[in-house]
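No lab work stands behind these numbers, since they all come straight from the coordinates. This structure is a prediction, so every number in the text was calculated from the model and none was measured. For neighbour counting, all protein chains shown are included, and Cβ atoms are generated from backbone atoms with ideal geometry for every residue, glycine included.
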């Protein structure tokens, strides 16, 4: 039999366990079926205000186990996953942040208007917007990367909407810088052969 003084502690433990299990269930439900209901439920618990570079809360808000599936959904063009990622961008650092930027670049390729609209409406910082837009891996193939950069610039240039003009300009500027870097890389590789 439990002592009466232990009951409040035990009840608190059960409540914490239930909250953790609930958060886990919400992530799982969203990743398996990222539709409106699961998105709305998950959005309520993703509190990026707890996050910051190197904070332990980062992994509590967005657990390690959900990051790769989330990034894959973003890269596939899933808008709900992209919005969750934007909401949690301060929870990512290091390789996870690079993976989010890369997947967001793929999202931009499939849904350029939605990309610009979401980053504009959520007032995403210009450095994050630039990093997402210009995150084109080279894999030691600057020609392929240059082609990808040109395709992204063309996609963005086709859009004409005042509400997204700032994010559009920042994205194109970042892509132009990436293009210049890739051209230098290509020249250096050619000099080395």
Computed over the chain: longest principal axis from alpha-carbon atoms vs helix 94-110 long axis, angle to nearest 10 degrees, is 60 degrees
Run the quick spin-label model on residue 47 and residue 121: label points 7 Å from Cα toward the beta carbon, then report their separation in nm to one decimal.
2.4 nm
Contour minus Cα-Cα span, residue 158 to residue 139, at 0.36 nm per residue, comes to 4.1 nm
Please tell me the relative contact order of the chain in percent, rounded to the nearest whole number, where contacts are Cα pairs under 8 Å and at least six residues apart.
15 percent
From the Cα trace of region 31-110, what convex hull volume per residue do you get, rounded to a whole Å³?
75 Å³
Between residue 188 and residue 33, the two model label points (7 Å from Cα along the beta-carbon direction) sit apart by a distance in nm of 5.0 nm
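Under the Kirkwood approximation applied to all pairs of distinct alpha-carbon atoms, what is the hydrodynamic radius of region 108-193 in Å? It would help to have the intermediate numbers written out before the result.
Details: mean 1/r = 0.0751 Å⁻¹.
Final number for the Kirkwood radius of region 108-193 is 13.3 Å.
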Can you give me the pair-distance distribution of the chain, C-alpha pairs, 10 Å bins, whole percents?
9, 31, 29, 17, 8, 4, 2, 0
Rounded to the nearest 10 degrees, the helix 6-32 long axis (Cα) sits at an angle to the longest Cα principal axis of the chain of 30 degrees
